[in-house]
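A short worksheet on the structure shown next.
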Amino acid sequence: MIADLTRAERQWAMMILGALGIVGLAMAVAGRNDLLGIHGWIVLAAGLGGFIAFMRGKDAPEPSDDRLNEYYDAPTRLGIILTLLWGVVGMGAGLWVASLLAWPELTFDAAWASFGRLRPVHTSGVIFGFGGNALIATSFHVLQRTTRARLPDQISPWFVLLGYNLFCVIAASGYLMGLTQSKEYAEPEWYADIWLVVVWVVYFAIYMRTLARRKEPHIYVANWYYMAFILVVAILHIVNNLAVPVSFGSAKSYSLFSGVQDAMTQWWYGHNAVAFFLTAGFLGMMYYYLPKRAGRPIFSYRMSIISFWGITFMYMWAGSHHLHYTALPHWVQTLGMAFSVVLLVPSWASAGNALLTLNGAWHKVRDDAVLRFMALAAIFYGITTFEGSFMAIRAVNSLSHYTDWTIGHVHAGALGWVAMITFGSLYSIVPSMWKRPSLYSAKLVEVHFWLALSGTVVYVFAMWNSGVIQGLMWRTYTESGTLSYSFIDSLVAMHPYYIARAFGGLLFLLGALVALYNVVMTIRMPAPATEDAALDIPVQPALQAGE
Amino acid sequence: MFGLHYKIERSAIGLVTFIVLVASIGGLIEIAPLFTIDETVEQAPDMRVYTPLEVAGRNIYIREGCYACHSQMIRTLRDEVERYGPYSLAVESSYDHPQLWGSKRTGPDLARLGNKYSDAWHTVHLFNPRDVVPESKMPAYRWLLRDPLRTDDLGNHLSALRAVGVPYTDEQVANAALDAYGQANPETAAADGVAERYGSATNIRMFDGVSTRLTDMDALVAYLQVLGNLTDAAHQPNQPEAE
Ligand code: HEM
Ligand code: HEM
């Protein structure tokens with residue numbers, strides 16, 4: 001990595017790492033009586049470790065100018081590996097929290113191992129660790145191919161990738177120590193949030209600088225989605241995390257908002273974390289890798305326009321469907337419900353666009369498990385959004401809210417859509433990224449596919465069942481007009497489903513391990529003598545939309 | 001329309017501007033009015049603030065992630081009102097930075113938990129839930145009784161809360177650490193100060209059953225016992241019926 005950088009870039013890197021180390025030291029000193037200090041040491045170690053690595057590597061010969069004739073893929077390669085590692089960690093934590101709900105004694109009397117602290121490790125680990133790294137890695141790859149331009153420099157992509165992972169490490173280690181803002185999907189404390197803003201600004205700048213140098217007049221659809229992901233996540237993140245720290249030596253902060261305003265802000269954020277992190281970014285992936293793998297242009301360019309602007313506009317109204325029948329004013333609930341229902345149109349426009357693109361390539365879907373991952377992802381995307389629009393209807397939500405039905409919906413989206421499109425996309429670029437003729441084993445991809453599919457189905461059906469049972473038990477009355485079941489009755493009824501869910505999760509996790517193994521073995525295969533991958537250079541025409 | 005788009009997608013700045021504009025509308029229309037329309041939050045003149053010990057307890061509730069399994073928002077549905085009590089009003093969480101309404105009920109709702117069980121029940125239950133509820137899935141929080149409560153920075157906590165809008169007085173901020181001690185040690189001089197500064201209805205008890213030192217358990221139980229009791233507003237007869 002250091003050898004890729006020019007001399008000037010190495011100096012920049014050392015200044016940045018030095019500054020990071022100083023910030024870490026300042027945090028460690030200011031927070032010496034607080035958990036903030038521990039994070040200070042972690043930041044200091046990251047800065048210092050990087051600095052030492054550069055001291056040792058700074059005299060390596062400079063890269064030749066030939067590099068400018070190629071895409072810059074080294075950050076994507078590391079990003080792919082980090083995606084898979086976080087996937088295993090995050091899903092491992094998921095399996096653990098799932099087991100805790102079946103067998104609560106698995107906490108072993110250790111605070112860090114209790115459900116409430118491990119659960120955010122799972123959610124952040126999979127969403128930010130696994131999903132976020134996948135988005136960053138693939139966005140760099142797609143951006144260069146669709147603009148036929150190389151990334152603007154060799155340092156900012158590393159800053160974004162490594163800086164983002166530092167954020168993830170601070171987040172996850174913080175939860176284990178009990179540091180959390182408690183806002184779902186926005187748990188990291190104020191200093192981590194500020195750091196993420198810095199990383200994000202650089203990320204956005206990479207996008208704009210590369211686009212400015214593009215050799216294609218049009219910006220390809222996939223990039224619209226990646227840009228919406230970057231921009232809107234920035235807005236959401238900044239607004240929802242506004243807070244006042246207890247002091248500069250304290251990790252703890254208090255949200256600027258309270259009560260009903262905070263609830264609405266949080267779910268405006270929360271729902272759009274789903275929309276712009278778990279949906280828009282991954283749609284970007286789908287719009288590039290699926291047609292590419294199928295060898296067919298996107299079915300309809302117009303449908304992709306309608307879908308894109310529909311999603312960008314309407315999702316932002318839908319957050320209040322998380323707050324039906326609460327103290328949120330009725331008019332906001334109604335607006336949220338209405339927009340959530342109409343949201344089905346742009347959502348299905350994208351899912352349909354993907355599936356219609358596959359028309360004429362179904363034999364490839366049958367034979368190629370990589371493409372099948374992506375096709376299945378599009379199907380699950382359709383299922384999840386249909387379910388979501390349905391659950392957003394007030395009367396339906398009165399049953400589903402607070403129950404495992406929500407968890408079933410989440411994982412239909414998370415396992416079936418987010419993880420499947422990620423695995424499919426990664427498999428499709430791993431060989432070319434490492435200049436290998438193919439993956440180590442196509443068989444293992446097939447094995448992974450069936451593990452992932454069966455794991456998802458077991459998980460989702462278990463939660464649909466338990467959620468509906470739970471919701472019904474809570475509202476069932478006896479003939480004399482009293483509630484039939486105590487709360488604990490409903491909890492007891494969940495037990496078998498919690499075991500089934502843990503089993504489904506185990507299958508899914510095994511699949512992720514198979515993927516990691518397959519990718520590692522691909523990387524370890526001997527490189528072929530001839531560089532036939534040299535076709536993948538900035539002058540090759542990029543993928544074009546149909547019509 | 002598609003012709004216009006043909007132009008937009010050739011300009012990175014144009015695309016960025018449109019995305020930001022189009023995405024901002026929904027949030028602006030739904031969130032901004034919540035800060036300005038008066039009916040959004042009811043009036044409750046009797047609303048009181050959390051004591052320092054309750055603030056510390058609330059932070060433990062957050063630290064341990066209790067909100068991941070327990071909601072604090074009773075919906076306007078008949079079965080919920082019968083199971084948990086009057087439905088939650090906006091004003092009841094108006095000092096909650098952030099709110100802890102929650103989104104999942106692996107365990108029951110806690111919005112009206114205060115005074116439903118004894119302190120001793122809570123202490124046993126938190127120490128090992130299965131000692132009192134054999135089927136419970138809740139983790140055993142044994143360390144709460146072991147760990148001493150940190151109180152030296154509670155003044156800073158109250159000033160930060162004041163900065164975001166909770167009406168703490170200078171006196172309350174200055175005496176935060178002392179008041180935390182006093183609330184869990186009745187019959188000390190410090191306890192009198194708590195009643196004076198936070199009202200005579202404040203719970204002043206040995207929450208964990210041991211007087212010698214403050215533990216995380218003291219704080220958490222103090223917080224649980226005040227849930228739903230900051231104001232009487234939800235119990236007033238003028239509220240509309242649940243659905
Ligand atoms: C090995 C696979 C997985 C297992 C066993 C698993 C298990 C779990 C469990 C037990 C919960 C807590 C549910 C509760 O509180 O009742 C949960 C929540 C969650 N998981 Fe997973 N999970 C897995 C994979 C994933 C993946 C891949 C993603 C995202 C890409 C994901 C996203 C989430 C989210 C967003 C929540 C929070 C849901 C909510 O608060 O409503 N999970 N998961
Ligand atoms: C048209 C699209 C969608 C709509 C209208 C929608 C609607 C909903 C609704 C009504 C809930 C339940 C809220 C509650 O009762 O608390 C929900 C929860 C959730 N949905 Fe969706 N959904 C959609 C698509 C998706 C997709 C594609 C994903 C991807 C993973 C997803 C992930 C989630 C998550 C993580 C939650 C749980 C939030 C929480 O309580 O922590 N949704 N959604």
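Just a few scattered comments:
- The lysine pair tally for chain A, using Cα distances under 21 Å and a gap of 8 or more places or different chains, is 6.
- Global geometry of region A:1-122, whether rounded, prolate or oblate, following the gyration tensor of its Cα atoms and the 1.5 cut on a/c: oblate
- In Hz, Karplus ³J(HN,Hα) per residue of region A:489-496 (6.51, -1.76, 1.60; θ = phi - 60°; x = Gly, Pro): 4, 5, 5, 4, 5, 6, 3, x
- Geometric descriptor of region A:365-478, per residue, is 94 Å³ (volume of the convex hull of the Cα atoms).
- Given charges at Cβ of Lys, Arg, Asp, Glu: region A:1-59 dipole, positive-most of A:MET55, A:VAL29, A:GLY40: A:MET55
- Alpha carbon convex hull of chain B, projected area averaged over orientations, nm²: 18.6 nm²
- Residues with amide H under 5 Å from that of A:LEU483, placed H, sequence gap 5 or more: A:THR478
- Region A:64-168: chymotrypsin sites (Phe, Trp or Tyr not before Pro) in DSSP loop, at most 15 other beta carbons within 10 Å: A:PHE108
- Compactness ratio for region B:54-189: Cα radius of gyration over 2.2 N^0.38 Å (N = residue count) comes to 1.16.
- When chain B is treated as a GNM with alpha-carbon contacts under 10 Å, the residue of B:VAL133, B:VAL166, B:VAL221 showing the greatest mean-square fluctuation is B:VAL133.
- Under 23 Å of direct C-alpha separation, and excluding same-chain neighbours fewer than eight residues apart, B:LYS116 reaches these lysines: B:LYS104, B:LYS137.
- Inverting the pair-averaged 1/r between distinct Cα atoms of region A:71-535 gives 22.9 Å as its Kirkwood hydrodynamic radius.
- Normalised per residue, the volume of the convex hull around the Cα set of region A:1-59 (Å³): 55 Å³
- The value given for region A:49-107 is a Kirkwood hydrodynamic radius of 15.7 Å, derived from the mean inverse Cα-Cα separation.
- Among A:SER438, A:VAL370, A:PRO496 - extreme Cα towards positive end, dipole of chain A, charges at beta-carbon: A:SER438
- Rounded Å value of the spacing that divides the Cα centres of region A:14-51 and region A:96-143: 25 Å
- Cβ-derived FRET efficiency at R0 51 Å, A:ARG7 paired with B:ILE25, nearest 0.05: 0.60
- Helical runs (DSSP H, four residues minimum) scored at -39500 (n - 2.57) apiece and divided by the length of chain A put the mean residue ellipticity at 222 nm at -22500 deg cm²/dmol.
- Top positive-direction residue, dipole computed over region A:71-535 with Cβ charges, set A:GLN181, A:PHE461, A:ASN133: A:ASN133
- Taking the helices alone, chain B has a mean residue ellipticity at 222 nm of -13000 deg cm²/dmol, built from -39,500 (n - 2.57) per DSSP H run of at least 4 residues and averaged over all its residues.
- One Cα centroid belongs to region A:170-185, the other to region A:421-446; the line between them spans 34 Å.
- Between A:MET525 and A:TRP331, the modelled labels are 6.2 nm apart [label points 7 Å from Cα along Cα→Cβ].
- Reduced Cα scattering model of the protein assembly as shown, Debye log10 I(q)/I(0), q = 0.06 Å⁻¹: -0.38
- Rg/Rg_globular for region B:191-243, with Rg_globular taken as 2.2 N^0.38 Å and Rg from C-alpha atoms: 1.52
- If the chain linking B:ASP170 and B:VAL124 were pulled fully straight, counting 0.36 nm for each residue of separation and taking away their Cα-Cα distance, it would gain 12.9 nm.
- Note on region A:202-263 and region B:79-147: Cα centroid distance 35 Å, given to the nearest whole angstrom.
- Rounded to the nearest 20 debye, dipole of chain A from Cβ charges on Lys, Arg, Asp, Glu: 780 debye
- Simple point charges give the picture: +1 on the Cβ of Lys and Arg, -1 on the Cβ of Asp and Glu, and for region A:320-466 a dipole about the Cα centre of about 340 debye.
- Neighbour-count ranking [beta-carbon atoms within 10 angstrom, fewest first] of A:VAL23, A:VAL458, A:VAL246, A:VAL198: A:VAL198, A:VAL23, A:VAL458, A:VAL246
- Lys, Arg +1 and Asp, Glu -1 on Cβ, resulting dipole of region A:1-59 about Cα centre, debye, nearest 20: 120 debye
- Likely footprinting exposure, A:LYS252, B:LYS116, A:LYS292, fewest C-beta neighbours within 10 Å first: B:LYS116, A:LYS292, A:LYS252
- Taking other Cβ atoms within 10 Å as a rough exposure proxy, B:ASP170, A:ASP4 sort from fewest to most as B:ASP170, A:ASP4.
Every read-out reported here was derived from the displayed coordinates using simple, explicitly stated rules and does not represent laboratory data. Not measured: the values here are computed from a predicted model. Heads up, the Cβs are rebuilt from the backbone with ideal geometry, glycines too, and the neighbour counts pull from every protein chain shown.
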